[in-house]
1. Run residue 76 past the list (1) touching a residue at least 60 places away in the same chain (Cβ under 8 Å); (2) crowded, with 20+ Cβ neighbours inside 10 Å; (3) within 19 Å of residue 158 (Cα to Cα) and report the number of the one that doesn't hold.
2. Filter segment 47-65 down to residues that are without any contact (Cβ under 8 Å) to a residue 60 or more places away in the chain and over 20 Å from residue 146 (Cβ atoms), then give me how many there are.
3. Working carefully through the options 111, 44, 38, find the one that is touching a helix residue (DSSP H, G or I) at 6+ places or on another chain (Cβ under 6 Å), within 28 Å of residue 186 (Cβ to Cβ), buried (at least 16 other Cβ atoms within 10 Å of the Cβ) and touching a residue at least 12 places away in the same chain (Cβ under 8 Å).
4. Return only the number of the condition from (1) under 25 Å from residue 46 (Cα atoms); (2) more than 16 Å from the chain's Cα centre (by Cα); (3) in a helix (DSSP H, G or I); (4) in contact (Cβ under 8 Å) with a residue 60 or more places away in the chain that residue 119 does not satisfy.
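No value in this document is a laboratory result; all are computed from the given coordinates. All of these numbers come straight from a predicted model, not from anything done at the bench. Positions of Cβ are backbone-derived with ideal geometry, glycine not excepted, and every protein chain shown enters the neighbour counts.
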């Protein structure tokens, strides 16, 4: 098993497929190790409400892309770097955001889980109107974020996965999942 090291990482970035367990990891890191959770999605939602009066997923994608192209591909991670350390970032969806994490000696984690399992989680959590989408619509939305283009500002979860330090398939119990994450991060 590959671990990151024996020193608690001061910055952790988490990316992966929809409803794979990213926010769950962040919640546990906050509770067990005192991390500050920074969701880049919160910054995007705030901008979307201000600029378009909506937080529907197509608007969120539009706003995120516009800001990354205008303000820099890692803008949403950069906005959170001044929060109290150690930091755990979720909502990382562009190579530019992942590169900012790595530039600051951070660790990137990529999480995945089977499609049907993730679809059940999404429809059960009733967030941002996701509870009413079909499985086909879910797959289409995800594919747009897996790879939308070659620049550091584009959605590219697939590319971030390739450059991630830790890759986890979340096909286990919650306790096993968290234990595995902690082991791979070198946290006890």
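1. Only one criterion in (1) touching a residue at least 60 places away in the same chain (Cβ under 8 Å); (2) crowded, with 20+ Cβ neighbours inside 10 Å; (3) within 19 Å of residue 158 (Cα to Cα) is unmet by residue 76, namely (1).
2. Number of matching residues: 8.
3. Values: 44 fails: within 28 Å of residue 186 (Cβ to Cβ); 38 fails: touching a helix residue (DSSP H, G or I) at 6+ places or on another chain (Cβ under 6 Å).
111 is the lone residue from the list that is touching a helix residue (DSSP H, G or I) at 6+ places or on another chain (Cβ under 6 Å), within 28 Å of residue 186 (Cβ to Cβ), buried (at least 16 other Cβ atoms within 10 Å of the Cβ) and touching a residue at least 12 places away in the same chain (Cβ under 8 Å).
4. With (1) under 25 Å from residue 46 (Cα atoms); (2) more than 16 Å from the chain's Cα centre (by Cα); (3) in a helix (DSSP H, G or I); (4) in contact (Cβ under 8 Å) with a residue 60 or more places away in the chain applied to residue 119, the lone miss is (1).
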